[in-house]
2 protein chains.
Amino acid sequence: MAKVNPYEVSGNIDYEKLVKQFGVSKMTPGILKKLGTENLLLKRGAFYAHRDLNKILKGKFAIVSGRGPSEKMHIAHLAMFKAVADLQKKHGCFVFIPFSDDEKILVKGTDYVKTQKMAIENSKDILALGFDPKKTKIMFDLKHMNQDVYNLAINASSKITLSTVKAVMGFKDSKNIGSFFYPAVQIAHILYPTFKRKVPTIMITAIDQDPFVRLARDVAERMGLKKPGALTLKFLPGLSGGVKMSSSDPKSALYADDSDAEIERKIKRAFSGGRETLSAHKKYGGNPDIDASFQYLKFFLEEDDNKLAEIYKSYKSGEMMTGELKSYTISKAKKFFAQHRKNRSKIKIENYLI
Amino acid sequence: MAKVNPYEVSGNIDYEKLVKQFGVSKMTPGILKKLGTENLLLKRGAFYAHRDLNKILKGKFAIVSGRGPSEKMHIAHLAMFKAVADLQKKHGCFVFIPFSDDEKILVKGTDYVKTQKMAIENSKDILALGFDPKKTKIMFDLKHMNQDVYNLAINASSKITLSTVKAVMGFKDSKNIGSFFYPAVQIAHILYPTFKRKVPTIMITAIDQDPFVRLARDVAERMGLKKPGALTLKFLPGLSGGVKMSSSDPKSALYADDSDAEIERKIKRAFSGGRETLSAHKKYGGNPDIDASFQYLKFFLEEDDNKLAEIYKSYKSGEMMTGELKSYTISKAKKFFAQHRKNRSKIKIENYLI
């Protein structure tokens, strides 16, 4: 059976089932239109679910999208934050990006100093995607915990029973007490812009993080705050054809700091929807729907809808060879990351600190 | 059976048993001598136990003594903090006094705004006892949570399992997650001076708070910090003869803000060790060991050892009547609180904030 919670994703994920199980709503063309950006993940269906966006998009709102620091950020992480940046550009909204270095230490047991370094590196990758310094704040929990966030966390933690956290997160009594408390910190993150600015928050995450949104929604009104909404992402396919990319399996994804040579090597070895032989491919055509390179073009690299449709058709018909598709993807990816490195080198974290 | 933990004190308390159960050491004349003050609680045996003081008193140390804000502070609370102030005078040590407004909200469910008000009022009563502003810091958790304390709490919380907190505090799964986390904040308080000043801490509390010291001692070295010691107080008898004073039973104790009329009324109604009739009292004598007024003189009000011994003898022999003992106690208490009110009115909290 599939398992999807903030600390475990395994099995075959049935996104339709998750909609029911988690109580989210499916994305609609109307909401996509209101969101109103040409962001690839949005226009190509990766944000497949939401909470309360019909209501929240009628007025002002803020966006919260956080990051549990990891050694590497892969292209799907970048793409999600690109969607946040694009929504900020469109709507002029305040964006809050908390880095849960505390969570990593508590739940994953990662090293203290290393976690803080990872948080800093991750923040540069995220900010490189184009946030407005006047409307964007980041915090590293262990560096910037303040009265407001701590108060929100204590307040939230007073309204959630241990039984609830056990049920949602699946922790046992042998787990440390900080792990049980951390959801309250996450809720504090989600509600912080609402507390400061009196506008509802839209939490932007992958579906596995939705339990935190549910907990935040459970307590928000009892804390005198507006219920947060959510914009929810599917997992995006890995290079090896797996269910999702991984920050700890280098073969599974392009990472933010991959060199050109690594990009090339990874895509060349990526899972392909092509046939085993050239002649079979020409005769029967390839399968772009399972081809990792094509998925990368679709969700991350090919802005041009016509061009993407053309590649789809031509690969499916067998006209375009796998090698050709891959080298096109490689050239697009190299350009994407060259631009990313350039943007990243200009980022000054100080301009965004809470 | 007696129950003694930070959130429940009931039954007949056997202090000898607690020494074994909690693993504290009994106070010795040698340690009392090293502590070296004429403080009443110290010289009259109320601090009956300790942890590691033989070792810690050999070098520099800091003192931590906190307060869970309550509506009223009674005379035993004041007396304990007077001991802290007296030890600071003698040893010139740094004193840290954290106010756990967060704990009150989490564990007791008290009102947010009210708790913060109580913390401020309590802090004035404590600081009135004579702390050196250059060597004393207070914090209200919900107002002054900072990076250092939060980091210590997260670090501690990563090293304590839920099972341990359940066993020590007796909480059930229906309790909120903040209550399970709070011990980590308390440990952060205890270890904060050690973290900042590299000296061991002596935690000064009543015996019911000792479980927090034990938890702090369990994790300190794994956090790279010196193990804290402790100086541990018995419960002090209430005016109604109960096992301990209560901040919520006005008859049980003199409160810091009692008026002269209240002081008089409370002591007049206090539990007496006198005989039922004047003639019986004259004939058989009273019992100062159970007499609330005498206990008040002994632990809080009578500095003069000779005078105290004289009263003891004279009440026991039946020479001194209960009325006489009470009116002497009333006059001493009125003086004590008049001085306290005067000292309190001069306190500026700002001079002590972390």
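Overall size of chain A from C-alpha positions, given as principal axis extents largest first: 66, 44, 42 Å.
If both residues of a DSSP beta bridge must be in chain A, then about 35% of such bridges are antiparallel. By the count of other C-beta atoms within 10 Å, a proxy for reagent exposure, A:17, A:135 are ordered fewest to most as A:17, A:135.
A viscosity of 1.002 mPa s and a temperature of 20 °C, combined with the Kirkwood radius over Cα pairs in Stokes-Einstein, give a translational diffusion coefficient for region A:103-230 of 137 µm²/s.
Think of each Lys and Arg Cβ as +1 and each Asp and Glu Cβ as -1; about the Cα centre, that makes the dipole of chain A roughly 820 debye.
Measuring max minus min along each principal axis, the C-alpha atoms of region A:173-226 give extents of 39, 23, 16 Å (largest first). The relative contact order of chain A comes to 20 percent, based on Cα pairs under 8 Å that sit 6 or more residues apart. Annotation: amide H of residue B:49 within the under-5 Å range of B:27, B:232, sequence separation 5 or more or interchain, hydrogens built in the peptide plane. For the protein assembly as shown, the share of DSSP beta bridges that are antiparallel, to the nearest 5, is 40%.
Which net charge results for the neighbourhood of residue A:298, defined as the other residues with beta-carbon distances under 12 angstrom from its beta-carbon, given Lys and Arg at +1 and Asp and Glu at -1?
My count for the surroundings of residue A:298 gives -2.
Mean projection of the Cα convex hull over all viewing directions, computed for region A:65-125: 4.1 nm². A Förster radius of 22 Å, combined with the Cβ-Cβ distance separating residue A:339 from residue A:132, puts the computed FRET efficiency at roughly 0.75.
Axis angle, to the nearest 10 degrees, between helix A:210-220 and the longest C-alpha principal axis of chain A: 30 degrees. The same position residue B:113 in the other copies lies at 4.8 nm from this copy, comparing label points 7 Å beyond Cα toward the beta-carbon, shortest first. Using +1 at the Cβ of each Lys and Arg and -1 at the Cβ of each Asp and Glu in chain A, identify which of A:286, A:106, A:201 lies farthest towards the dipole's positive end. Towards the positive end, the residue furthest out is A:201. Answer with one residue from A:48, A:156, A:139: the one whose Cα lies farthest towards the positive end of the charge dipole of the protein assembly as shown, charges on Cβ with Lys, Arg +1 and Asp, Glu -1. The Cα lying farthest towards the positive end belongs to A:139. When chain A is turned onto chain B, its residue with the beta carbon nearest the axis, and that distance in whole angstrom, is A:181, 2.
The Cα atoms of the protein assembly as shown cover 121, 50, 45 Å along the three principal axes, with the biggest extent listed first. Projecting label points 7 angstrom from Cα along Cα→Cβ for residue B:144 and residue B:279 puts them 6.2 nm apart. A Cβ-based charge dipole, computed about the Cα centre of the protein assembly as shown with Lys and Arg at +1 and Asp and Glu at -1, lands at about 720 debye. Averaging the Cα positions of each part gives two centres, and for region A:225-293 and region A:163-187 these lie 33 Å apart. Think of it as helices only: each DSSP H run of n ≥ 4 in the protein assembly as shown is worth -39500 (n - 2.57), and spread over all residues that comes to -14500 deg cm²/dmol at 222 nm. For region A:243-282, the equivalent ellipsoid built from the Cα gyration tensor has semi-axes of 25, 13, 6 Å, listed from largest to smallest. Whole-Hz Karplus values for region A:48-58 come out as 9, 9, 7, 9, 6, 5, 3, 6, 5, 6, 6 Hz, taken residue by residue from phi with 6.51 cos²θ - 1.76 cosθ + 1.60 and θ = phi - 60°; glycine and proline positions read x. Taking amide H as placed 1.01 Å from N in the peptide plane, residue B:199 has no amide H partner under 5 Å among residues 5 or more places away or on another chain. Residues B:299, A:131, A:180, ranked from the fewest to the most other C-beta atoms within 10 Å, line up as B:299, A:131, A:180. Here is how far apart the residue A:259 label points are across copies: 8.4 nm, shortest first, using a point 7 Å from Cα toward Cβ.
Could you list, in their original order, any pairs among A:90/A:348; B:72/B:227; B:282/B:334; A:33/A:226; B:3/B:33 whose Cα atoms are separated by more than 30 Å? Going by Cα-Cα distance, B:72/B:227; B:3/B:33 fall outside the 30 Å limit. The other copies place their residue B:58 label points at 7.3 nm from this one, listed shortest first, where each point is 7 Å from Cα along Cα→Cβ. Distance from the C-alpha centroid of region A:20-38 to that of region B:33-102: 60 Å, rounded to the whole angstrom.
Look at the stretch B:182-191: the mean tally of other chain Cβ atoms within 10 Å of its residues' Cβ atoms is 1.
Taking amide hydrogens as placed 1.01 Å from N in the peptide plane, the amide H of residue A:138 sits under 5 Å from those of A:97, A:353, A:354, each at least 5 positions away in sequence or on another chain. The alpha carbon convex hull volume per residue for region A:58-177 rounds to 145 Å³. Within region B:258-343, the proportion of Cα pairs with more than 23 Å between them is 20 percent.
Residues A:317, B:25, B:248, arranged from fewest to most other Cβ atoms within 10 angstrom of their Cβ, appear as B:248, A:317, B:25.
Readers should treat all values here as calculations from the given coordinates under stated rules, not as data from a laboratory. Computed from a prediction, not measured in an experiment: that's the story for all the values here. Cβ atoms come from the backbone with ideal geometry, glycine included; neighbour counts cover every protein chain shown.
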